[in-house]
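Participant: Supplied in structure tokens, the structure appears directly below.
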Amino acid sequence: MTPSRHALSPPSVIAGVIQRLSASQLKRHKLCPRAWFFQKVMRVPEPSTGAQQVGTEGHAQLEHFLATGEDVLGTFAKAGAHLLPTPGADLLVEQPLDGEPPLTAGGIPFTGFIDLVDARRLASDGVLRITDHKFTSNVASNAASAEQLADADTEPGLQMVGYGAWALSQVERFPGLRTLELEHLYYQTRGQRLAASVVVTVPAEHVEREWQTKVEPQVEAMKEHAQAARASDVPANYGPACGKYGGCPFMAKCLTGENKTMSLRDKLLNKASESAPLTVAAVERNAPELPAVLPPDAPAPTPVQTAPEVAQATEQPAPKRRGRPRKVAESEQPKGEMRVLFVDCIPTTFDGPTPESLTSYVDTMHRKVAEAGGVDDVRFAGSDSALGFGKWRGALAMAARAELPPPGAYFALGVAQSELMQVIVEALEPAFDVVVRGTRS
């Protein structure tokens, strides 16, 4: 019986020693070593997402179809049925990597599953095709290139080269293997139902070279990182990696807090105490003067430009706020009910609730607006939809202003790369008590 890819497994790292690896671990470490440290060494739990659920269901449907021929394909998977091989018992479906012999790197065995291995052309042409199913919101923008699939320095290639290395280790199972076809088969989950195949054909020698020169050294680095005493000792990949795939789930934990610098609240209190008691209005006047608050080892931020009217705030009354009128006078508002937003920056120290990512709130509001408009993704609403021609932006902003997140501290990263996040942040900014912006160089 084939083991389930969803079965619980023992820890991957015990007492600083890596017990087992996987293609997903390599990809996570390549994207950000510190994120891998949080996930596998510190074992910080990750929340599941709707996108992961769609992928899980789609993989299960494809597994059953390819193994039995029974058409159980759902809406998304069915769009790629014409790109699949004819089902049959000779196909290797959900092939485990930890067979005999297992795939290894740096002496560490791998676990995981290959979605599909097709050896039907092996005897005649020495060709083996390895396929990984990918469920994505937009094929055109998210699909990897053929060149990336062959390069272990990229996330897609790191996974596919690993699968190719496993095949080359199975000498008895795949005799005469000379050429590998590495394929990503994409299924679009939003907007138009479509699928696309991206394939690269490489000789066996190429896979061997990529594994030895790129993957093996990365595994040695992972061994060192696994022995780190604290997360701050592991390098972090700041920048686009923080906002990729909907935002890093470990961002809040990335606040090392090891430097004993004055907290944000202390700075505000000190500034306010020089002239007047601390009020929300005073916080608003002082907040723009603070630098972007980033982790200590992040690249130096570019100073935020301060508008002239803000620079003169100490001499003039605070400008009137836009948005809905407050129900409670600012001077009387309890500090525990304040809303604080960090845009493209995160606080190293903050005397208040632990900042949480705004990503799940954005996903929730997007889902509500999409459901109301009868679409899967508001960004791809057609001309016949009330959300078409960009009208979704106004609808999403209105929904956010009508249903604010609970009082607390939030951070929004990669705003420039996400239309949904941009709209939400612009809509919420007037309703938040403190907004701290930072830009990365």
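The values are calculated or read from the model by the stated rules, or taken from the named source; none is laboratory data. Keep in mind the model is a prediction, meaning the values are calculated, not measured. Don't worry about glycine lacking a Cβ; one is built from the backbone with ideal geometry, like all the others, and counts go over all protein chains shown. Side chains included, ligands, DNA and RNA excluded: accessible areas come from the protein's heavy atoms. Shrake-Rupley method; radii C 1.70, N 1.55, O 1.52, S 1.80 Å.
Participant: Under the rule of at least 5 residues apart or a separate chain, name every residue whose amide H is placed under 5 Å from the amide H of PHE135.
Facilitator: TYR187
Participant: Taking Cα centroids, how far is the stretch 367-441 from the stretch 52-96 in Å?
Facilitator: Taking the Cα centre of each part, the stretch 367-441 and the stretch 52-96 sit 35 Å apart.
Participant: Once you put a point 7 Å from the Cα of MET398 and another 7 Å from the Cα of GLN227, both along the Cβ direction, what distance in nm separates them?
Facilitator: 6.1 nm
Participant: Can you send over the carbon and sulfur percentage of the accessible area for the stretch 88-208, probe radius 1.4 Å, protein chains only?
Facilitator: Of all accessible area on the stretch 88-208, carbon and sulfur atoms account for 49 percent.
Participant: Could you work out the relative contact order of the stretch 1-140, using alpha carbon pairs under 8 angstrom and six or more residues apart, expressed as a whole percent?
Facilitator: So the answer I get is 21 percent.
Participant: Beyond 19 Å between alpha-carbons counts as too far, so tell me which of LYS40/LYS253; LYS134/LYS214; LYS40/LYS223; LYS27/LYS134; LYS244/LYS368 fall in that bin.
Facilitator: LYS134/LYS214; LYS244/LYS368
Participant: Let me ask something else about it. Using a Förster distance of 45 Å, how high is the FRET efficiency between SER385 and SER145, based on the Cβ-Cβ distance and rounded to 0.05?
Facilitator: 0.90
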